[in-house]
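Heads up, the thing below is written out as structure tokens.
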Amino acid sequence: MVFKKYNFFQKDLFNVLFIFLIVSVLFSYNVISKTMTWRTDAYFHLSRIYDMTNSIQHFEFPLLVNVNSFANVGQALNGLYPNFSLLPFIWITSIFTPIVQYGLINLLFVLLGSILNYFSFQKIGASKIQALTGVIVVLGLIDTHNFGSFNLQGSWSSYFTLPIVVLSMQKLYKKVYIYILPLAMAVAFTVNIHILSAVFLIIFILCYFLYLIFVSNNRLLLFGNFLSAGIISIILSLPTLASLLLFSKDQLSVPIPVSLGQQTVSIESMINSLSNPIISNYSTASVPLQGIMLLFDIVIFFQWSKFTKIGKQLIISMFIVQIIISPIFPWQLFDTTPLQNLQFPARLVPFVLAVFITVIFTQRKLNNSVFLLSFVFMGLFFATTYQTNDKIVKTNMPLLATNEGQYRLSDLNRNFSTTISNQTLNNPNFYTLSKAPEYSPEYKIDKKNFYSIWGSIIRHRVFNNEESVHGVKLIPHKNAITYEFQSAISGTFDLPFWKYKNMKYSVIDDKQRHLPVKLSKRGTVQVQSAHSVSELTIVVKNPNWYNYFVILSLFSWIVAIVLTVITFKMKGLHFSLNKFKNSY
């Protein structure tokens with residue numbers, strides 16, 4: 001092989017340093033840049049990170065409702081978009097400026113996942129060069145240009161957790177019990193970052209598990225191992241599972257429905273994906289994932305005889321998934337079912353690619369220099385192309401302007417053609433913009449009037465005795481909102497702050513008197529004061545039982561990581577001793 005001439009590629013330490021270097025080069029541009037784009041979902045995720053960073057800097061667990069972002073109306077986006085797996089990355093980067101933090105979160109996420117992939121591929125059966133090639137191919141699927149459009153750790157999690165899952169399941173089948181913890185942690189990490197990716201992963205695990213049970217000679221033992229991994233995974237997933245339980249009593253608004261049939265994957269869309277002129281497409285850029293999937297299909301077809309039996313079975317299962325996400329499948333029939341939450345069947349493409357990469361780059365018969373080098377060049381080409389595109393786009397975009405530090409809702413409609421700086425991202429007013437009505441409580445609201453009521457709330461309309469109060473000044477704090485009135489008033493106050501059944505709310509007036517909290521007709525916080533007050537402050541806290549679950553899960557994560565490291569260290573030491581003895 002060509003690679004054998006370079007012995008340094010046969011050393012894990014060199015390859016890990018090489019991964020560190022290549023990830024830093026490919027993804028550091030967004031870290032050192034003075035401005036960033038904020039197209040489509042970027043504002044949404046920037047707001048989440050800002051809110052969670054604010055809590056972490058005050059040494060508190062992030063609230064499940066957003067006080068310092070999304071219009072300061074206490075919306076449960078933090079609670080219903082899993083974030084526990086992101087918290088370590090947010091905590092580590094919280095000392096940096098917002099643009100550096102946003103870029104570093106992505107870079108660290110990709111770096112850690114790439115190193116885990118490198119060792120997972122080897123444990124499955126890859127050579128060091130195959131494992132390194134697989135890592136580089138994954139990097140080619142991560143669009144640095146779209147760092148300014150999305151924060152896709154949820155989708156990317158499949159690239160980094162699925163190899164660990166495949167490895168752990170194969171090892172548990174072979175009665176290597178130390179892989180119970182890696183399997184549990186991989187699933188829990190995905191649950192704690194992206195529910196849909198977790199659902200895909202769990203379905204994959206269940207199907208693979210049924211196959212292993214069918215071929216196993218000791219089904220009871222195998223079942224016990226997977227049951228243990230499942231229980232541990234539930235404990236490690238408690239922050240997300242507890243938040244879903246917490247809001248389960250609330251009747252919540254849902255994202256604007258999208259017909260499932262609009263985003264399927266066809267042969268035509270695969271070809272168009274590859275023919276899309278990425279560098280010249282200034283307005284939007286997307287990774288040609290569908291086209292890359294077609295390339296993998298072609299490679300697999302011509303290399304079919306070189307795959308192992310289990311490799312062929314995994315690939316066939318992904319071919320079935322490709323049929324399911326194609327226009328052949330009657331997706332429109334499921335537009336009014338819970339499957340509608342999938343939104344886009346094409347979401348499964350990264351998952352299919354993760355399986356393909358895990359299988360292709362762990363096959364001994366594909367350990368060929370020309371084969372591997374072609375994939376290395378492909379991965380590096382796509383990754384550098386995305387970065388070039390991002391730089392070109394930002395060159396032609398003006399900086400988002402403000403009117404004396406203020407922003408308007410209409411500014412969100414301009415986010416395709418402007419860039420933002422750290423000055424913008426440090427301005428709390430920037431995070432008062434919002435167009436995310438999902439997961440607001442609507443149990444007392446006529447659904448036909450929901451959006452008009454929602455509009456009055458995000459515009460912070462306070463009602464006193466059912467009449468609108470003018471000239472209200474809103475002052476956000478770390479876990480509280482103060483409403484200042486132009487003159488002292490009394491009576492019933494309907495405050496523009498959503499009220500969820502299981503969250504803890506208290507309202508304090510300007511004399512530090514606590515007022516009993518009720519639910520208004522708008523689904524918001526309502527209080528009554530017989531005394532005239534010039535300001536009211538809403539303080540919101542997570543319920544104590546939720547915080548206990550978070551502490552338990554955090555402690556469990558620390559124990560699981562420490563035990564895994566110690567166990568694998570001891571296993572490596574035992575292997576080295578046996579190798580030493582056998583040499584004499």
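The values are calculated or read from the model by the stated rules, or taken from the named source; none is laboratory data. What you are looking at is a predicted structure, and each value in this text was computed from that prediction instead of being measured. Ideal geometry is used to build each Cβ from the backbone, glycine not excepted, and the neighbour counts take in all protein chains shown. Only protein heavy atoms, including side chains, enter the accessible area calculation; ligands, DNA and RNA are left aside. Shrake-Rupley method; radii C 1.70, N 1.55, O 1.52, S 1.80 Å.
Observations
- None of Y81, Y118 is modelled with pLDDT of 95 or more and out of contact with any strand residue (DSSP E or B) (no Cβ under 7 Å at 6 or more places or on another chain) except Y118.
- Count - residues of the stretch 323-338 that are among the polar types (S, T, N, Q) and not in a loop (DSSP other than H, G, I, E, B): 1
- Of the residues making up the stretch 90-111, those that are among the hydrophobic types (A, V, I, L, M, F, W, C) and touching a Phe, Trp or Tyr at 6+ places or on another chain (Cβ under 8 Å) are L104, I105, L107, L108, F109, V110, L111.
- Exactly one residue out of S253, S269, S317, S286 is modelled with pLDDT of 90 or more, surrounded by 15 or more Cβ atoms within 10 Å (Cβ to Cβ) and among the hydroxyl-bearing types (S, T, Y), and it is S317.
- Meets criteria (more than 20 Å from the chain's Cα centre (by Cα), under 24 Å from L433 (Cα atoms) and modelled with pLDDT of 90 or more) for F96: yes
- Take the conditions (1) open to solvent by 40 Å² or more (accessible area, probe 1.4 Å); (2) assigned to a strand (DSSP E or B); (3) not hydroxyl-bearing (S, T, Y); L552 misses just one of them, which is (2).
- For the stretch 78-97, a residue qualifies if it is touching a Lys or Arg at 6+ places or on another chain (Cβ under 8 Å) and either open to solvent by 10 Å² or more (accessible area, probe 1.4 Å) or within 20 Å of N427 (Cβ to Cβ) (or both), and the qualifying residues are Y81, N83.
- Conditions (1) farther than 30 Å from A401 by Cβ; (2) buried (at least 20 other Cβ atoms within 10 Å of the Cβ); number of the one not met by P496: (1)
- Members of the stretch 339-380 that are in a helix (DSSP H, G or I), of a type outside the set (A, V, I, L, M, F, W, C) and under 16 Å from V138 (Cα atoms): P350, T358, S374, G379
- Sole residue being within 19 Å of the chain's Cα centre (by Cα) and either at pLDDT below 85 or not polar (S, T, N, Q) (or both), chosen from Y29, Y43: Y43
- Checked against the criterion of being out of contact with any strand residue (DSSP E or B) (no Cβ under 7 Å at 6 or more places or on another chain), surrounded by 15 or more Cβ atoms within 10 Å (Cβ to Cβ), part of a loop (DSSP other than H, G, I, E, B) and not charged (D, E, K, R), the stretch 4-26 has no qualifying residue.
- For the condition at pLDDT below 80, open to solvent by 20 Å² or more (accessible area, probe 1.4 Å), under 16 Å from F70 (Cβ atoms) and outside any helix (DSSP H, G or I), K444 does not qualify.
- Filter pass, I489 being outside any strand (DSSP E or B) and open to solvent by less than 50 Å² (accessible area, probe 1.4 Å): no
- V135 being under 21 Å from V355 (Cα atoms) and open to solvent by less than 20 Å² (accessible area, probe 1.4 Å): yes
- Pairs linking a residue in the stretch 487-514 that is more than 15 Å from V462 (Cα to Cα) to a residue that is open to solvent by 40 Å² or more (accessible area, probe 1.4 Å) and among the hydrophobic types (A, V, I, L, M, F, W, C), with Cβ atoms under 6 Å and 6 or more positions apart or on different chains, are Y505/V517.
- Residue check, K306 in contact with a Leu (Cβ under 8 Å, 6 or more places away or on another chain), under 19 Å from T133 (Cβ atoms) and either of a type in the set (K, R) or without any contact (Cβ under 8 Å) to a residue 24 or more places away in the chain (or both): yes
- Failed criterion for T337 (all others in (1) within 23 Å of S158 (Cα to Cα); (2) at pLDDT below 85; (3) loosely packed, with under 13 Cβ neighbours inside 10 Å hold): (1)
Residue-wise test of (1) among the aliphatic types (A, V, I, L, M); (2) at pLDDT 95 or above.
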site	(1), (2)
A186	yes, yes
S197	no, no
L201	yes, no
S216	no, no
I232	yes, yes
